[in-house]
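Taking it in order: structure first as structure tokens, then the write-up.
The values are calculated or read from the model by the stated rules, or taken from the named source; none is laboratory data. Bear in mind the structure is a predicted one, so any value in this text is a computation, not a measurement. Every residue, glycine as well, gets a Cβ built from its backbone with ideal geometry; the counts of neighbours run over all protein chains shown. Ligands, DNA and RNA are stripped out before the accessible areas are found, and what is left, the full protein with its side chains, is counted by its heavy atoms. Shrake-Rupley method; radii C 1.70, N 1.55, O 1.52, S 1.80 Å.
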Amino acid sequence: MPKKTAPKYRAPALDKGLDILELLAASPTPLSIAEVSEGVGRSRGEIFRMLQVLEERDYIMRGEGDSGYLITPRLFRLGMEQPPLKSAVEAALPIMHRLAHAVDQSCHLVVPSREQIVVIARIDPPGEIGLVVRVGHRRPMSQATSGHVLLAFQTDDVRDLWMDTIAAHEPELDRKKLLKLATQVRTRGYATAASHIVDGVTDLSAPVMQHGSAVCALTVPFIERRASAVDEKHTLEHLREAARDISDTLQYGGPSRAD
């Protein structure tokens, strides 16, 4: 884990609340009061009122059957109100709708979040079959096709900084292998790889560019269907065109230019 510098000022109550939120955010399952207490290194008495307040403010909620506490999407929604993210989603959604209907597949938009990627928007497939990735989904950047795209289309300084952050969280990271992969993605202009999560799915991803760097990655989890008239090659063409259109909208504030 990266080293933390000693803070200049302390706010114990705020520290407790943030510790709880970070613990719950990292947990795949609800945590009991005892587990939260152990996880943050504080007594049950210290965290009980904090849990009550966080629940009342809709930052956390109780799991089904009162199985413990889990984090709500409230923090994610607050983050999405930031102008850069909000602008990106507003620019992307109409184009993503067009893409999904053109290829009969779902698509989603991804941004970097420290050593991870996070999905900030998605469009469901127009048909009955498709793989949908939920908004808010996170994965290590090094293990995601969209993460490879984001890494590939950065300046050398930014890429080195991101690699340092990834390596701090993944001690076993093969840095040379990841850099080589990013270089190959940049040369091709897109990334394509078998899904690390679902068999039979190929992740296709292309960069959304602004000021020379990728600010987002547009991704289609491609499922080959016998009855579909759009194969992987044509899906990739539509995807890259959509990514260029979003880039143009972000850059120029209007409809995309024709290539």
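Just to be sure, is Gly68 at pLDDT below 85 and in contact with a Leu (Cβ under 8 Å, 6 or more places away or on another chain)? Taking the combined requirement at face value, the residue does not satisfy it.
Number of residues in the stretch 32-58 that are open to solvent by 90 Å² or more (accessible area, probe 1.4 Å) and either at positive phi or not charged (D, E, K, R) (or both): the value is 1.
Inspection of the stretch 23-40 identifies at least one residue that is in a strand (DSSP E or B), closer than 24 Å to Arg139 by Cα, modelled with pLDDT of 85 or more and not small (Gly, Ala, Ser). The residues of the stretch 110-129 that are open to solvent by less than 40 Å² (accessible area, probe 1.4 Å) and either over 11 Å from the mean Cα position of the chain (by Cα) or closer than 21 Å to Asp231 by Cα (or both), listed by number, are Ile123, Pro125, Gly127. A search for C-beta distances below 6 Å between a residue of the stretch 55-69 that is of a type in the set (D, E, K, R) and any residue that is open to solvent by 60 Å² or more (accessible area, probe 1.4 Å), counting only pairs 6+ apart in sequence or on different chains, returns Asp58/Arg74.
With the structure loaded, tell me whether Ser106 is open to solvent by less than 60 Å² (accessible area, probe 1.4 Å) and touching a Gly at 6+ places or on another chain (Cβ under 9 Å) or whether it fails that test.
So Ser106 fits the description; yes.
Across the stretch 151-163, the qualifying residues are those that are hydrophobic (A, V, I, L, M, F, W, C) and touching a helix residue (DSSP H, G or I) at 6+ places or on another chain (Cβ under 7 Å), and the one among them that is nearest to Ser113 (Cα to Cα) is Trp162. The strands (runs of 3 or more DSSP E) falling completely within the stretch 130-214 include none with 3 or more residues that are open to solvent by 60 Å² or more (accessible area, probe 1.4 Å). The single condition from (1) part of a strand (DSSP E or B); (2) open to solvent by 30 Å² or more (accessible area, probe 1.4 Å); (3) not small (Gly, Ala, Ser) that Phe222 fails is (2). Reported count of residues in the stretch 183-205, each being of a type in the set (A, V, I, L, M, F, W, C) and without any contact (Cβ under 8 Å) to a residue 12 or more places away in the chain, is 2.
Does Ser195 satisfy the condition of being among the hydroxyl-bearing types (Ser, Thr, Tyr), within 17 Å of the chain's Cα centre (by Cα) and more than 25 Å from Pro28 (Cα to Cα)? Working first, answer last.
Values: among the hydroxyl-bearing types (Ser, Thr, Tyr): yes; within 17 Å of the chain's Cα centre (by Cα): yes; more than 25 Å from Pro28 (Cα to Cα): no.
When the stated conditions are applied, Ser195 does not pass them.
Across the stretch 225-241, which residue is farthest from Gln105 (Cα to Cα) among those that are among the basic types (Lys, Arg) and modelled with pLDDT under 90? Spell out how you get there, then give the answer.
The first filter runs over the stretch 225-241 and keeps only residues among the basic types (Lys, Arg), leaving 225-226, 233, 240.
Subset that is modelled with pLDDT under 90: 225-226.
Details: Arg225: 10, Arg226: 14 Å.
If we take residues in the stretch 225-241 being among the basic types (Lys, Arg) and modelled with pLDDT under 90, then Arg226 is farthest from Gln105 (Cα to Cα).
Looking only at the stretch 92-123, filter to residues that are among the small types (Gly, Ala, Ser) and part of a strand (DSSP E or B); which one of those is nearest to His148 (Cα to Cα)? Per the stated criteria, the residue is Ser113.
Filtering the stretch 226-248 for residues that are assigned to a loop (DSSP other than H, G, I, E, B), surrounded by fewer than 18 Cβ atoms within 10 Å (Cβ to Cβ) and of a type in the set (D, E, K, R) leaves a non-empty set.
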